[in-house]
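Structure, as C-alpha cells:
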Amino acid sequence: MYHYFHLTMNSLKLGHFYASILFSLNIFNFCNAVAVEQDLSLTKMERIALEKFKHEVSSLVSEDYMKEDIYLIRWLRAKNLNHEQATAMLLENLKWRKLNNMSTIHQEDWSDFRDDYEYFIDTHDKSGRPIATLRFGDWDIRNAILTGKGQRLTRYLYKALDEVTAKIRALQREGKQITQWVSLLDMEGYAISTHGCLGCLGVYLSYVTAYENYFPGSVHDIILVNTPSIFEVVLRITRPLLGEATRNMLHVFGTNKNQWQSYLLKNIDANQLDYHFGGTKIRS
C-alpha cells in the first residue's frame, strides 16, 4: 500500500512538472524574439504604426525610457502592430508595475534570497548582450513554498527580469546596440522533490506570464546545460509543437560537457563564464 501511494505521489509530481514545462513552452511560443538588426530597423508599416502609437501613449507613461521608439515598438510587435491591443498591453504593464511597486523593488532588502537563490547579471555574450546566469539546480523552490516565501520568490524573479532589462537600457545609453539578453541556466542538481511541487508550478507560471506580458521579446537565447534526462524527455515531445522562433531561441543540453561547452564558447568568451560553465571568470 505504501509503495503504491509513493508511486502515485511521484506520478503526481511528475505530472505537475510536465504541466509547468508544457505551459511555459507554449507561452514562449507567443514571444516575438527578433535579431538585433530587426529590433533596430523598422519597416515602413512599423514606422507608420509607431508614430501613431507614440502619439497615443506618450502622455500615459511617466518614465522617459518608456517614450523611446525601441521600447514602444516591442508592444506593437508583440501584438502584430494592432494599436488597440498594443495599447491595452502597455496599460496593463503600467498597472502591473504600479501594483507590484516595481519602481522601488531594487531598493528592498533581498539579503535573505541572495545566497540561496543566487543569480548574476555581470557578463555578456560576444555580441554584448547581458547574460542572466543562475545555477537553477541549486534553487530549492519547494523550501521557499514551505517556509511561506513563495510570493516573495516570485517577486524576486520579477526583480531579476527588471534588472536585466534595465541593464539593456544602460548599455543603450552608452551607445551600444543591444536590445535583448541571454538566459543561461545550469540544471545540475535539479530534482522533482525541490523543483516539481505543485506550489513550485505557481512560481514558474508567474515568472513566464510576467515575461510574456511585461517584458515581451526581450530574450535572445535560453540556454540550459546539465539538463536531467526527465527534462529532455518532455522537451523532445513538445519541441515539434513550438514555433520556429521559440525553437531557435531554446537550446537544451544534457550532461555532456563537451557538447554544451562548445556551444557556449562559440557565443560567449571564456572570461564571461565562470568555472561551472567551463570558463575562467572568478567571482568574489
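Applying the condition of being under 25 Å from Pro228 (Cβ atoms) and polar (S, T, N, Q) to the stretch 124-146 and asking which residue is farthest from the chain's Cα centre (by Cα) yields Asn143. Return yes or no: is Lys95 free of Cβ contacts under 8 Å to residues at least 40 places away in the same chain, out of contact with any Gly (no Cβ under 8 Å at 6 or more places or on another chain) and under 18 Å from Tyr207 (Cα atoms)? Taking the combined requirement at face value, the residue satisfies it.
Across the stretch 251-284, the qualifying residues are those that are of a type in the set (Ser, Thr, Tyr) and under 21 Å from Gly128 (Cβ atoms), and the one among them that is surrounded by the fewest Cβ atoms within 10 Å (Cβ to Cβ) is Thr280.
Taking (1) modelled with pLDDT of 95 or more; (2) in a helix (DSSP H, G or I); (3) over 18 Å from Asn101 (Cα atoms) in turn, Gln172 satisfies each apart from (1). Would you call Thr87 β-branched (Val, Ile, Thr), part of a helix (DSSP H, G or I) and surrounded by 17 or more Cβ atoms within 10 Å (Cβ to Cβ)? When the stated conditions are applied, Thr87 passes them. In this entry, Ile105 passes the filter for residues that are part of a helix (DSSP H, G or I), of a type in the set (A, V, I, L, M, F, W, C) and modelled with pLDDT of 95 or more. Just one of (1) modelled with pLDDT of 95 or more; (2) buried (at least 16 other Cβ atoms within 10 Å of the Cβ); (3) more than 16 Å from the chain's Cα centre (by Cα) fails for Glu92. It is (2). For the stretch 72-84, filtering for residues that are in contact (Cβ under 8 Å) with a residue 24 or more places away in the chain and closer than 14 Å to Pro216 by Cβ leaves 7. For Ile131, state whether it is touching a residue at least 40 places away in the same chain (Cβ under 8 Å) and surrounded by 20 or more Cβ atoms within 10 Å (Cβ to Cβ). It is true that Ile131 is touching a residue at least 40 places away in the same chain (Cβ under 8 Å) and surrounded by 20 or more Cβ atoms within 10 Å (Cβ to Cβ).
The values are calculated or read from the model by the stated rules, or taken from the named source; none is laboratory data. These numbers come from a predicted model, not from an experiment. Note that we place each Cβ from the backbone using ideal geometry, even for glycine, and neighbour counts take in every protein chain shown.
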